[in-house]
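Notes follow once the structure below has been shown.
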Amino acid sequence: MFRTISPVLDGPAPKLKITNVECHALLAPDFNPGFTSSAQDSFLVVISTDGGVTGVGETDANPWMAKACVEAHGTHTMGLSIRDMLIGENPFDIGRIWEKLYIGTAMNGRRGMVIHAMGAVEMALWDLCGKAVGKPVHALLGGATRQSITPYASLQPAGGSFEAYRDALVQSALNAKALGFKAVKSEVTMNGPYAHDGMKQGYDRHTDVVAAVRKALGPDIALMVDVQYMWSDAETCLSVVKDWAEFDLFFLETPIWSDNIADIAKVSERAPMKIAFGEWLATRFEFAELMDHGKVQVAQPDVGRVGGIGEAKIVCDMAKERGLTIVPHCWKTGISISATAHLAFVTDHCAFIEYLPPQLCHERLRRELAQEELILKDGTIALPSKPGLGVEVDWDVVRRYTVA
């Protein structure tokens, strides 16, 4: 019924069956509910097989809700249990399994949380299959088409005043520059629904912050800006960002609400920089609307939220057909960062990936939960070679931070 993605193998797949699906809702003990950062919690899925091979996956969604989506019992053919549908399956049939889960849970949610939860499950299957055959996920996706990718440092501010906010972002930008990053994305959100610390600064102050960050970075480092849905309509947005051309932004992320497709198209057509959206979207179907009617120039699938690595790959292929750039969203731990990197290595039109090393992290889970294979050197990350996602999970951290 649907185009799906399964592992590309050199020979027959090992004979394995899924025997267990374990879900963990994780929460850092020092989480701040007023902080606009979903990296303070995580939803972790561990899939086991009769051959002793396991895989791990993660999604950027409310972990308690995602756990319920996987473990909930089914009561009829249109609302089946994800966990029950997985038991006994061949983990290498990822594409068929995705279709089975999508159709079987359709009445529970063809978009949103059910798809986000499926993303963690599907990611765990890719990790499991890679480990089972001793190959990295990018090899199972058809093979890497590049030897390195360029990450951007994703910077969040601190401080409840304009001056503190500006200075914190400038310092973070300088820190990223010192670490060798060739690209930076700065959150500049002192107004709107997700304003940092509930701030209500004028839009001219946002221009001042962008100018300060650009000055700190200099002209040779790519700069992106995320305003987190700050403006209510296209005209208000354009009245501000028309003056941002001088800052040479690679893109402006989520300037208005994701569902306001008509105004997204207006901003995309008239803004002096590329417009990027997609972090919240689930499935290729939502991205088709964003690309074809929202007219965005940069698509940002989040590997977990969109429905998994295979669904993200389909979105990337759709973007290529339309001549659009891919810059995946990823605001999570090394598990999701690794999955995103493997996707990028098979996607030529992926300009950057979102990446934050421990030195720049505020969130405890991102620092402690998993160690990815990825290493920043000379501003780029080299092709990973470890089997699966190539990530090492600290299971003691999982035990200590599991809350459900």
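Laboratory data are not the source of any read-out in this text; all were calculated from the coordinates shown. Computed from a predicted model, the values in this text were never measured in an experiment. Virtual Cβ from ideal backbone geometry, glycine too; neighbours counted across all protein chains shown.
By how many degrees, 0 to 90 and rounded to 10, does the Cα axis of helix 113-133 deviate from the longest principal axis of the chain?
The answer is roughly 60 degrees.
Can you classify region 150-200 as rounded, prolate or oblate using the Cα gyration tensor, where a ≥ b ≥ c are the square roots of its eigenvalues, rounded means a/c under 1.5, and otherwise it's prolate if a/b beats b/c and oblate if not?
In terms of gyration-tensor shape, oblate.
Normalised by the number of residues in the chain, what is the relative contact order in percent for Cα pairs under 8 Å and 6+ residues apart?
Numbers: 924 pairs, mean separation 80.7, N = 404.
Once divided by the residue count of the chain, the mean separation gives 20 percent.
Can you compute 3J(HN,Hα) from phi for each residue in region 41-57, using the Karplus curve 6.51 cos²θ - 1.76 cosθ + 1.60 with θ = phi - 60°, rounded to whole Hz and x for Gly and Pro?
Computed from phi, the couplings for region 41-57 are 9, 7, 10, 10, 10, 10, 10, 10, 10, 6, x, x, 8, 10, x, 10, x Hz.
What are the extents of the Cα atoms of region 105-150 along their three principal axes, in Å, largest first?
Answer, in whole Å and largest first: 41, 28, 15 Å.
Which entry in [x] 43, 24, 20; [y] 36, 25, 17; [z] 34, 22, 21 matches semi-axes √(5λ) of the Cα gyration tensor in Å derived from the coordinates of this structure?
This structure yields the entry labelled [z].
Given a cut-off of under 8 Å on Cα pairs at least six residues apart, what relative contact order in percent is computed for region 292-365?
Worked out over region 292-365, it gives 31 percent.
What FRET efficiency do you get for residue 161 and residue 3 if R0 is 60 Å and r is their Cβ-Cβ distance, rounded to the nearest 0.05?
Efficiency, rounded to the nearest 0.05: 0.75.
With both partners inside the chain, how many of the DSSP beta bridges are antiparallel, as a percent to the nearest 5?
So the antiparallel bridges in the chain amount to around 50 percent.
Restricting things to alpha carbons, tell me how big region 74-135 is in terms of Rg and Dmax, in Å.
12.0, 39
Quote the relative contact order of region 268-404 in percent (integer), defining contacts as alpha-carbon pairs under 8 Å separated by 6+ residues.
RCO, region 268-404: 18 percent.
Please compute the modelled spin-label separation between residue 147 and residue 259, points set 7 Å along Cα→Cβ, answer in nm with one decimal.
Each label point is offset 7 Å from its Cα along the Cβ direction, giving 4.8 nm.
Running a GNM on the chain with Cα contacts under 10 Å, which residue among 371, 201, 156 ends up with the highest mean-square fluctuation?
Maximum fluctuation in the GNM of the chain, among the listed residues, is at 201.
Using alpha carbons only, how many degrees (0 to 90, rounded to 10) separate the axis of helix 334-344 from the longest principal axis of the chain?
90
Give the cross-link partners of residue 185 among the aspartates and glutamates, using a straight C-alpha distance below 15 Å as the criterion and excluding same-chain residues fewer than 8 apart.
Leaving aside aspartates and glutamates fewer than 8 places away in the same chain, those within reach of residue 185 are 220, 226, 248, 253, 279, 354.
Is region 274-387 rounded, prolate or oblate when judged by the Cα gyration tensor, a ≥ b ≥ c being the square roots of its eigenvalues, rounded requiring a/c under 1.5 and prolate requiring a/b larger than b/c?
Values: a/c = 1.95, a/b = 1.72, b/c = 1.14.
Prolate, because a/c is 1.5 or more and a/b exceeds b/c.
Highest mean first, how do 73-83, 262-272 rank when packing is the count of other Cβ atoms within 10 Å averaged over residues?
On the way: 73-83: 15.0, 262-272: 18.0.
Taking the mean over residues of other Cβ atoms within 10 Å, the ranking is 262-272, 73-83.
Among 122, 253, 373, whose mean-square fluctuation peaks in a Gaussian network model of the chain (Cα, cutoff 10 Å)?
373
Rounded to the nearest Å, what's the spacing between the alpha carbon centres of region 35-99 and region 126-195? Just the number, please.
26
Using only the alpha-carbon atoms, how far is helix 162-179 inclined from the longest principal axis of the chain? Give it as 0 to 90 degrees, nearest 10.
60
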